[in-house]
Amino acid sequence: MYKLLIVEDDREIARAIKLKTALWDMDCRIVEDFRKVLEEFSLYEPHIVLMDIGLPFFNGYHWCGEIRKIANVPIIFLSSASDNMNIVMAINMGADDFIAKPFDWDVLIAKLHSLLRRTYDFGLSPKALEHRGALLNTDDGTLTYNGEKIALTKNEYLILYRLMKNKGKAVSRETLMKALWKTEAFVDENALAVNVARLRKKLEAHGLSDFISTKFGVGYIIGDSKEGIK
């Protein structure tokens, strides 16, 4: 089942789209907090996005640009501002299509299906993991936080990838050592501790204090587990 994210502040239109697309066996989520569109996108991991231009706080062009930094999912703009300038700007910002309001439901559904077929025949999918507003880009191995890209070493990326992919669960030292060095045999466990310490220091320097916690006797964790962590 394909997942559709609707970024539309007109609740009546958003709910109508959700009802219509459900008839075509699509899962759908409507953005609730227009200050955190990128976070909701990353948590939901949609296959396609419908984006209005006029939104609270930041317009659709802004969020289209932010999504394009971390993912290749198709984005369709949906707006009453359908003059040539807005259409050209939408395409230049990375949108795949533009539908003017008021729109025909058959046209909307047809364009959604067409873009989904074209995109996923080429195997494109969301490429980011998220925690506390930090986005780990699996395409280029960087971490984005507060609009700033944080460069990571190979080991730092591998540690974050394992921990964020298993968010809320402790990942053992052995599992992390295998990810970094392909085996935990003959590798001093201090080597992992040194890598984690350097990563923590880098995260703290960018405002992400206590991002990685230690679960004593097990390993490390990112998320909400509270038992035995520091």
When the range 39-65 is examined, which residues are found to be under 10 Å from the mean Cα position of the chain (by Cα) and crowded, with 16+ Cβ neighbours inside 10 Å?
GLU39, GLU40, PHE41, SER42, TYR44, GLU45, PRO46
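Residues to consider are LEU163, LEU136, LEU158; find the one that is outside any helix (DSSP H, G or I) and assigned by TED's automatic domain parsing to the domain that holds ARG200. Working first, answer last.
Values: LEU163 fails: outside any helix (DSSP H, G or I); LEU158 fails: outside any helix (DSSP H, G or I).
From the options LEU163, LEU136, LEU158, the qualifying one is LEU136.
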Got a number for residues in the range 8-38 being part of a loop (DSSP other than H, G, I, E, B) and crowded, with 18+ Cβ neighbours inside 10 Å?
3
When you look at GLY207, is it modelled with pLDDT of 90 or more, surrounded by fewer than 17 Cβ atoms within 10 Å (Cβ to Cβ), assigned to a loop (DSSP other than H, G, I, E, B) and out of contact with any His (no Cβ under 8 Å at 6 or more places or on another chain), yes or no?
yes
Every residue from the range 58-82 that is β-branched (Val, Ile, Thr) and assigned to a loop (DSSP other than H, G, I, E, B):
ILE70, VAL73
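The values are calculated or read from the model by the stated rules, or taken from the named source; none is laboratory data. On a predicted model such as this, the values are computed, not experimentally measured, just so you know. Don't worry about glycine lacking a Cβ; one is built from the backbone with ideal geometry, like all the others, and counts go over all protein chains shown.
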